[in-house]
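Inspection log for the structure reproduced underneath, given as structure tokens.
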Amino acid sequence: FGHQSGDKECPMRDQNPADEFRVKLEDPLTLMRARDELMNSRKFALRTPMTCGRSPTRGGCDPAAANQQMLVDDPQVELEAGRPSGILDSLPRSERKRLIKEYRAQEKASKKAKIKAAEDYLRSQGVLSSKGKEKGSKKQR
């Protein structure tokens, strides 16, 4: 089947030799059959069960391990956690304020003592000068 001298268009213009193959590939029934065959094939079957998506050496886990189990909290504990209770609540307001103030003063004093001990250590190692500034900390121009 060829061209004739008066033809303005090729009669085989819209015919594609790969068209039959493309139609066969795009056919949904053929695609479904291919998927079913792949699923039934033993070639792609998992030989070991999945453990959290990764192997244990790469951060995977055993779903049956004790640290992977969900724990159920006691609802009574949750109710008590929302309510303030204890020694401070049983004291009058002025006494509570005084105790909190003393506690904060003790915390402040302990922080200052830690800083002083650290500075003394750095001075003994020669890192700090006696004025409390680092050696060689002046800006160079």
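Where a number appears in this text, it was derived from the coordinates with a stated rule and is not lab data. The shown structure was predicted, so the numbers you read here are calculated from the model rather than taken from an experiment.
Please report the projected area of the range 88-128's Cα convex hull averaged over all directions, in nm². Each step should come with its number before you reach the end.
Working: hull surface 12.2 nm².
Averaged projected area of the range 88-128's Cα convex hull equals 3.1 nm².
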Checklist outcome for this item: The set of residues whose placed amide H lies less than 5 Å from the amide H of residue 60, leaving out same-chain residues fewer than 5 positions away, is 55
Item to check | Other-chain or far-sequence residues with amide H under 5 Å of residue 128's (modelled H) | outcome: 123
Next on the checklist: So if each residue of separation counts as 0.36 nm, and I subtract the Cα-Cα distance between residue 32 and residue 129, what length gain in nm does that give?
Outcome noted: 26.8 nm
Item to check | ³J(HN,Hα) computed for each position of the range 103-111 - Karplus, 6.51 cos²θ - 1.76 cosθ + 1.60, integer Hz, glycine/proline x | outcome: 4, 5, 5, 5, 4, 4, 5, 5, 5
Checklist outcome for this item: If the chain between residue 68 and residue 13 were fully extended at 0.36 nm per residue, the gain over the current Cα-Cα distance would be 13.3 nm
Next on the checklist: Whole-Hz ³J(HN,Hα) for each residue in the range 91-96, computed from phi via Karplus 6.51 cos²θ - 1.76 cosθ + 1.60 with θ = phi - 60°, x for glycine and proline: what do you get?
Outcome noted: 7, x, 4, 5, 5, 4
